[in-house]
Each structure stands twice: as structure tokens, then as C-alpha cells.
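Every number here is computed from the coordinates shown, using simple stated rules; none is lab data. Here the structure is a predicted model, which means the values were calculated and not measured. Quick reminder, even Gly has a Cβ in these numbers, built from the backbone with ideal geometry, and neighbours come from all protein chains shown.
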Amino acid sequence: MSNVLANILGSSPVMPLERHIDIVYRCAKQLHEFFGAAIDGKWKKAAEIRAEIEALEHEADEIKKEIRLHLPKSLFMPVPREDILELLLVQDKIANRTKDVSGLVLGRKMKIPHAVADQFLDFVDRNIDAAKQARKSVRELDELFTAGFRGAEVDLVSGLIEELDRIETDTDDKQAALRAALFKIEDKLNPVDAVFLYQVINLIGEIADMAERVGRRLELLLSH
Amino acid sequence: MDAQIVYVVLAALFGGFMAWGIGANDVANAMATSVGSKALTIRQAVVVASIFEFLGAVLAGGAVTSTIRTGIVDSELLADSPQILVYGMLASLLAAAIWLLLSSKKGWPVSTTHSIVGALVGFSAVGIGLDAVHWSQVGTIVMSWIVSPIVAGIIAYLIYSSVLWLILRQEDPLEKAKRYVPVYMFLAAFTITLVTILKGLSHIGLTINTGQSYVLAFAIALGIAIVGAIVIRRIRPDPKLEKKQHFYTVERVFGVLMVVTACGMAFAHGSNDVANAIGPLAAVVAVAQSGVVSARSAVPVWVLALGGAGIVIGLATFGRHVIVTVGQKITQLTPSRGFAAEIAAASTIVIASGTGLPISTTHTLVGAVLGVGAARGIEAIDLRVVGRIIISWIITIPAGAFLAIVIFFILKSVLP
């Protein structure tokens, strides 16, 4: 039994995209506790959180595959299919970076110097904030489709994206400050550890960068 | 005389079976959106659809039934051998039923209307002669198959664009929805009742003059709009669900409107598709009653009622499951979108019914859905299905014709 009406309505990518960003955010959010455990040297706990991060990243990957599978070229959509796929890709990268950075820290059992610990955690949290704001913006996608990407809803989403940009700028400032603080104490550190610490900071900063790119992609959708 | 009774019973059986099939499969298209969006429960949907399918079949099904009965086959040529017409009509019914069973098993998007028209053309062209087909009428019907989805698409596009403009893109969509939705209700009800009164009722012997028709349609539509406005007024926003989806309450307002358009859709569907099942039956009954072939007599109301009842039984036995299944698959068709598609399709179909054109209700609805999509209303439409519809179109007519010819010759040699 097949019904023409059911067949002609392809499967909408909107709710899966919103589900995807939800999981991506939950994944990024784990970094707060992860680094908390790492700073305290609780590696067993850190390993557990890392396993959770991997599971969430994997779940996000599955949704990503699912969405791609259901977006054949024959679909007629109000916005270009490519833009939707690009949005999906940058959303997914937030989870990827989370996985990368947690893997690196856990693998080397990296010590985060206590002198910069608070500042470090604050920087991590701000990046998580960016991911949260990205989620908030993507959650408006169904409303945007309902309103056909015009009118009051567009203004609302533009506002959310502006806030996302502000958060990202804030993470940049925090990143610069954190590097400066690290620079002051780096001669007390094992040189290899210091190099990797800078790399970890870079990777964390990329979470906000990817969140910002989610905003850029949404903006592109708005301009259609 | 005994043979005549056998023919009528056979035709009633085949026709009833076709009606059952129509009720089981096609009614889902009218009601699934309402059930999927929870505007109606499945129980309510079955009751509403039954009432309006039946009303549509009886009040507005006459013109299309006449077309199927006398408009395609030139029965004047058969004045001397009325039994040929009887065999042909029985063969057409069987051919269409077999083709539909086969294609629904295979999942092809085949139209009941196309099958029966193909079968009728096939039987008369080969069984009687090429002259026996009213080719110009057939040409008009085929044109209407192309025109009806396009017209429905354009109407749906315009209506959904107006919804976007007036309601969904505004700062206060809920207030705007409460203001404008009764207007849409009025428009839907007015169009459908007016066309029915002007074109449909004459077939059951009721005549109302044009002025009175407008007044009556206006009054009915106004009544529906007022009741709708009262129901809408009582809808209160749910802040919790609204936070998740800003249009939650707005969609509930459209849900009320969709109940009205779903009734219209069921009515329209009954008015056009009942003919596929009982048009041939009407022809057989006419021959059996008078013993001669006559194009004059009206379609008996009991025949229309039988068709309506068949549809209702199909709906109640099998159709409810189809409605639920389809409803789960078409969540993209939210009430604000679904009503636009339904109002457009229902108006187009009712106008075709009034004019006596047998069109595909499903294809018309697909045209309307594409229209909403063109207004950027739908997230994802699978255009491959449109291709499959066109292919199944091209295949259905010769297939129906071929089957009808084979069955016709079998019946001719078997029946007295």
C-alpha cells in the first residue's frame, strides 16, 4: 500500500536538523565537567565523560547520515538543498571538535596549570555558551520554514544570530587573555605540555568558531 | 426480464465493490491531514467523512455520473441491442477494478477515474466501433485531467501566499489568525455550497433559481464562519508548548479551519468519485428499467445512495487504518498548509463535478500540494513522484481499455 500524498511529501530535514543540534550541544556541554575532572586529575571520571562524548558524537553522526540519505536531488525545497547540507556539516563539526579535544587531553592526561584553571574553565564555558546559542538559533528553523523565510520570524532569528556573534567575539577575547596568562607561566611548564596546551586552547576555541559558522549558514538561508 | 435483474445485481455488486475500494483508499487523502495534526480524532474523522462523502455523492454526484453513463459511449448506436451496452458497462467496471487492485498492490499512483474512462473508451471503440466514442467529450475530459491539478495548484499558491502575508509573517500571528481564519472558512463554505446548489441539485430534481442560490449559499457559509469564529475564540494559548513552537496555537486555530475544509474535501471527493463506481450501474439500471437505451432519464437517487453507502463502508472497514497511516506520514502538511491545499482542491473538484467532468481527485490534491510548495510552504517535496504520476497516467488508459475489451468479449460469449 502506498499513498501518493504520503510519497510526494519527502521527509523534511527540519526536525532531524533540530534534533542533531540538540545532541551536538549536549555533546559540547560535557566539556565543562570533563575539564573540571581533568583539572582535579580525576582521570577515571574524565574517561567516563569522554565515553559519553564519543557516544553523543556518534549519535550526531547517525542523524547526519540519516538526513543526507533522505535528501535526494529530486527534492523541491524552499531553500537550496546544498545550504541545508552545509548547515548540517558545520553543526556536526562542533561535536567533532569536542571529541578531538577531549581525546587529546585524556590521551596525554594533560595537566592544566592551577594558576590558569579558573580562566581556562571560564573559556570552556563561554564556548559551550556559543554552542547553546547556535542550538537556540537552529531550533527556530521549523518556524522559519512555516513563515517561508520572511517577516517577523526572520527578525527574531537575526537577533539570535547577532547574540551568537557577540558570544563568539567574547570567546576570542577570552582566548587571547588565556594565551597571555599561559605565556606568563609557560617557562615553568614542560615545553611539550605547553605546546599541547596551546593546541587544546585552539581546539576549544574552534567550537565557538563552528557555532558562529552555524549562524552564518542560517543567515544565508534567511537571505533566500 | 430475469436476465435484466441479473445484470442489475451484477452491476450493483461490481459498482458497490468499486465504491468500497474508493472509500478504503482515496478518502484518506481528504481526512489524513486532519487526523495527523490532531484537529480531529480518527473516530470523528470517520463520522465526518462518512456524512460528507455520502452527501457529496447524493447531492452533487449526478452530473459526473451522467457523463460516465452516457457522455463517453454513444448509446444511440445501441438502440437495437441494449445488452451490448450492459456487457460493456459491466466489463468496464470489472476492468477498472482489476487494474486498481493490481496497481495498488504494486504501489502505482493510479487514478480510479482514469481507469474507468480508459475502460469505457476501450470497450466502445472496439466492442461497438470507433464512431461509438464521443471523442470530443473524451478530449474535454482528458484536458480536464491536465487542467484540474494546475488550477488547484494556482489557487493553493494564492491562498497560501495570502496566509503567509496576512498571518504567518506578522508580529502577532495568533491575533491575525483569529481574525482571518473565519474569512477563509466563509470562502471555502461559500464556494462549495454555491457550486453544489447551482450545478448539482438539479440532478436530484431540486431546482432553485440563481438569486436564491446565492442567498442560500451565503447564509450557509456565514453560519459556518460564525460557528467557526466562536470555536476559535475559545482557543487559549499554551505557553509551554508555544515556547517550543511559536506557531503552536496558531496551528490549532488553523486546525479548526481544516475541519471545515476536510468536510469540503470529503464532499468534493464523494461528488466526483462516486460516478466511477455507479456511473456504469446507472447505465445498466436505465436499460433494465426501460428495455431501451435512453440518454434522457435522470440518475436514480438510490443508485447515488448505493455508491455513497459503498464509499462509507469502505471508509469504515479499511479506510480508517489508511487514514491513520497516511496521517503519520504527512506531518509536513500542517493545518495552515493542509487547509490551503484542501480548499483549493475541493473548490476545483466541486466545479468539475458541477460541470460533469470526471477528474482525478487525488491528482488534483497533489497539484494543490505542489501549489503550497511553490509558495515556499513545504520543506521537502519529492518531484520523482510527479514523474511517476504522469507515467501511470499514460499507462492506465490503454491498460484499462485493453482489460475492458478482453472482459467485454468474454461476457458477450458467456452471458445470455
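Converting phi to 3J(HN,Hα) with the Karplus coefficients 6.51, -1.76 and 1.60 and the offset θ = phi - 60°, region B:109-122 yields x, 8, 9, 4, 4, 4, 4, 6, 5, x, 5, 4, 4, x Hz in sequence order, with x at every glycine or proline. So what's the angle, to the nearest 10 degrees on a 0 to 90 scale, between helix B:320-329 and the longest Cα principal axis of chain B? That helix lies at roughly 50 degrees to the long axis. Inter-label distance, B:Leu101 to B:Gln289: 3.0 nm, where each label sits 7 Å from its Cα along the C-beta direction.
Annotation for region A:57-124: trypsin sites (Lys or Arg not before Pro) lying in DSSP loop with at most 15 further Cβ atoms inside 10 Å of their Cβ are A:Lys73, A:Arg108, A:Lys109, A:Lys111. Projecting the Cα positions of A:Ile185, A:Val79, A:Met210 onto the charge dipole of region A:78-217 (unit charges on Cβ atoms of Lys, Arg, Asp and Glu, taken about the Cα centre) puts A:Ile185 furthest along the positive direction. Placing a label point 7 Å from the Cα of B:Leu222 along the Cα-to-Cβ direction, the residues of region B:158-188 with a backbone N closer than 15 Å are B:183, B:186-187.
Defining a contact as two alpha carbons under 8 Å apart and six or more residues distant in sequence, what relative contact order in percent does region A:12-222 show? Reported as a whole number, the value is 31 percent.
Applied to region A:162-167, the Karplus parametrisation 6.51 cos²θ - 1.76 cosθ + 1.60 on θ = phi - 60° returns per-residue 3J(HN,Hα) values of 4, 4, 4, 4, 4, 4 Hz, with x for Gly and Pro. Here r is the Cβ-Cβ distance between A:Asp22 and A:Ala181 and R0 is 41 Å; the resulting FRET efficiency, rounded to 0.05, is 0.75. The amide H of A:Leu9, built 1.01 Å from its N in the peptide plane, has B:Asp382 as neighbours under 5 Å, considering only residues 5 or more places off or on other chains.
Peptide A:134-146 has a mean shielding of 3, counted as Cβ atoms of other protein chains within 10 Å of each residue's Cβ. Just check the protein assembly as shown against the gyration tensor rule for me: Cα atoms, a ≥ b ≥ c as the square roots of the eigenvalues, rounded for a/c under 1.5, and otherwise prolate or oblate depending on whether a/b exceeds b/c. Prolate is the answer for the protein assembly as shown, as a/c is 1.5 or above and a/b outweighs b/c. What the phi angles of region B:271-284 give under the Karplus curve with 6.51, -1.76 and 1.60, with θ = phi - 60°, is a coupling list of 5, 9, 7, 4, 4, 4, 8, 10, x, x, 4, 4, 5, 5 Hz, glycine and proline written as x. With respect to chain B, whose longest principal axis is taken over its alpha-carbon atoms, helix B:135-163 is tilted by about 10°.
Just rank A:Phe123, B:Phe339, fewest to most, by other beta-carbon atoms within 10 angstrom.
Numbers: A:Phe123 24, B:Phe339 35.
In increasing order of surrounding Cβ atoms, one gets A:Phe123, B:Phe339.
Taking the number of Cβ atoms within 10 Å of each Cβ as an exposure proxy, the fewest-first ranking of B:Thr65, B:Thr334, B:Thr41 is B:Thr41, B:Thr334, B:Thr65. Exceedance of the 31 Å cut-off in Cα-Cα distance is limited, within the set A:Lys29/A:Lys64; A:Lys44/A:Lys188; A:Lys44/B:Lys244; B:Lys178/B:Lys244; B:Lys178/B:Lys199, to A:Lys44/B:Lys244; B:Lys178/B:Lys199. Computed over the Cα atoms of region B:2-414, the ratio of the radius of gyration to the Kirkwood radius (Rg/Rh) comes to 1.00. By the count of neighbouring beta-carbon atoms within 10 Å, fewest first, A:Trp43, B:Trp99 end up ordered A:Trp43, B:Trp99. Under a 5 Å amide H cut-off, with hydrogens placed 1.01 Å from N, B:Val133 pairs with B:Asp74 among residues at least 5 apart or on other chains. Computed from Cα atoms, the angle from the helix A:14-39 axis to the main principal axis of chain A rounds to 10 degrees. Approximating the spin labels as points 7 Å out from Cα along Cα→Cβ, the A:Arg150-to-A:Glu62 distance works out to 4.1 nm.
Here's the list of lysines a cross-link from A:Lys184 could span, going by alpha-carbon distance under 27 Å and ignoring same-chain residues fewer than 8 apart: A:Lys42, A:Lys109, A:Lys111, A:Lys174.
Label reach from B:Leu383 (point 7 Å along Cα→C-beta): in region A:80-118, amide nitrogens under 17 Å belong to A:80-84.
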